[in-house]
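Student: Once you've had a glance at the structure underneath, I'll fire off some questions.
The values are calculated or read from the model by the stated rules, or taken from the named source; none is laboratory data. Remember, it's a predicted structure, so these values are computed and weren't measured experimentally. Cβ placement follows ideal geometry from the backbone for every residue including glycine, while neighbour counts extend to all protein chains displayed. Note: areas computed on protein heavy atoms with side chains; ligands, DNA, RNA excluded. Shrake-Rupley method; radii C 1.70, N 1.55, O 1.52, S 1.80 Å.
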Amino acid sequence: MQAFRRELTEGLAASPKSISPKWLYDAKGSELFEDITRLPEYYPTRQERALLRRVAPTWAKGVGPDATLVELGSGASEKTRIVLDALPALAAYIPLDISQSALEEAAASIRADYPKLDVRPVLGDFSALPSLPDDLPSGRRVGFFPGSTLGNLERDEAVRLLASSRRMLGEDALFILGVDLIKDRETLEAAYDDAQGVTARFNLNLLERANRELGTDFDLTAFRHRAVWNEACSRIEMHLEAVRDTQVTLDGMTYDFAGGETLHTESSRKFSRDQIEQLASASGWSVRDWAQSDAPSVALAVLAPA
Ligand SMILES: C[S@@+](CC[C@H](N)C(=O)[O-])C[C@H]1O[C@@H](n2cnc3c(N)ncnc32)[C@H](O)[C@@H]1O
């Protein structure tokens, strides 16, 4: 809560105004994200699941016995099931997420369906990864970071996260990374601005959350959702745009929005294979395997210590 207050205060004072996308995920935000994954326009989940089903049986052969799967930004742990089904010898599963409700529900559901698996949820922020428990099974540690959540990070944040994952997982680790690939503007903008307005509700929920948790007075009718492909930066940007001049008060300070001004709430970077290879090598990994889906294309990479 204090971190949200601090980051929103800094973000409203900045020019242009912005805030980390991690604050989109309270209980309602996590539920809305699951709704997004089922939308016809939102190809990433559908494509990544199909690709994972295709490659998981082959990739699982390299994992070995008594392994631990450590998932970053695990959300509802739905894609995890494809990995767990391909890895019956997996001994432990550590889902890590910032959204308490999503994490607890997912852990309960995985425990119920995989009773032999040691499930140890960690509530936290992956930008400050904890060390792994000392009493884990003796096998390999496998990182799992699907959903192109890496694309929500700036390049230096992504390198820091991949490097700290490498340290956390140890020398014999593998890391399965799911990323979205660069494609045409129309497909990308539709995926982040669906016809039913679910993504708009997901984005606007940030303001509702701030009003509820921080006592701000955002006028929800004064903002609309915008999703824009920024080609120069290879990223879809989600913004909350003021439709008229408006103000918000936080802790006694007033922040003005001119009509048309935005609060930048999420960037979702899209990648090429070369860019992923560069990110991997800048963070101590190398790409051991690479698989791409049909169009609209997403990719899965297996990283191993360089
Ligand atoms: C794009 S969703 C992906 C969910 C799921 N992994 C998937 O592939 O469908 C991002 C997930 O990461 C979590 N998340 C976002 N920022 C985070 C952070 N800084 N630390 C930990 N979890 C975070 C969110 O709560 C959400 O569950």
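Student: If Ala92 passes every condition in (1) within 16 Å of the ligand (Cβ to nearest atom); (2) crowded, with 20+ Cβ neighbours inside 10 Å but one, which one does it miss?
Tutor: (1)
Student: Follow-up question, since we're still on this one. Among the residues of segment 104-131, count how many are open to solvent by 30 Å² or more (accessible area, probe 1.4 Å) and either near the ligand (Cβ under 10 Å from one of its atoms) or touching a strand residue (DSSP E or B) at 6+ places or on another chain (Cβ under 8 Å) (or both).
Tutor: Residues meeting the conditions: 13.
Student: How many residues, within segment 1-19, are part of a loop (DSSP other than H, G, I, E, B) and either away from the ligand (no atom under 16 Å from the Cβ) or surrounded by fewer than 19 Cβ atoms within 10 Å (Cβ to Cβ) (or both)?
Tutor: The total comes to 4.
Student: Is it true that Gly64 is small (Gly, Ala, Ser) and either assigned to a strand (DSSP E or B) or closer than 14 Å to Ala89 by Cβ (or both)?
Tutor: Against the criterion (small (Gly, Ala, Ser) and either assigned to a strand (DSSP E or B) or closer than 14 Å to Ala89 by Cβ (or both)), Gly64 qualifies.
Student: Every residue in segment 1-30 that is touching a residue at least 40 places away in the same chain (Cβ under 8 Å) and acidic (Asp, Glu), please.
Tutor: Hit for segment 1-30 is Asp26, nothing else.
Student: Report every pair of residues separated by at least 6 positions or lying on different chains whose Cβ atoms are under 7 Å apart, first residue within segment 188-206 and under 25 Å from Asp217 (Cβ atoms), second outside any helix (DSSP H, G or I) and open to solvent by 40 Å² or more (accessible area, probe 1.4 Å).
Tutor: Thr199/Asp193
Student: Among the residues of segment 287-302, are any free of Cβ contacts under 8 Å to residues at least 12 places away in the same chain, open to solvent by 70 Å² or more (accessible area, probe 1.4 Å) and more than 21 Å from the chain's Cα centre (by Cα)?
Tutor: The answer is no, given that none of the residues of segment 287-302 is free of Cβ contacts under 8 Å to residues at least 12 places away in the same chain, open to solvent by 70 Å² or more (accessible area, probe 1.4 Å) and more than 21 Å from the chain's Cα centre (by Cα).
Student: Could you list, in sequence order, all residues of segment 269-306 that are among the charged types (D, E, K, R) and assigned to a strand (DSSP E or B)?
Tutor: Arg269, Arg288, Asp289
Student: Right, here's the next one. Filter segment 171-198 down to residues that are out of contact with any Asp or Glu (no Cβ under 6 Å at 6 or more places or on another chain), in a helix (DSSP H, G or I) and open to solvent by less than 10 Å² (accessible area, probe 1.4 Å), then give me how many there are.
Tutor: 1
Student: Within segment 243-268, how many residues are in a strand (DSSP E or B) and open to solvent by 40 Å² or more (accessible area, probe 1.4 Å)?
Tutor: Summing the residues that are in a strand (DSSP E or B) and open to solvent by 40 Å² or more (accessible area, probe 1.4 Å) in segment 243-268 gives 5.
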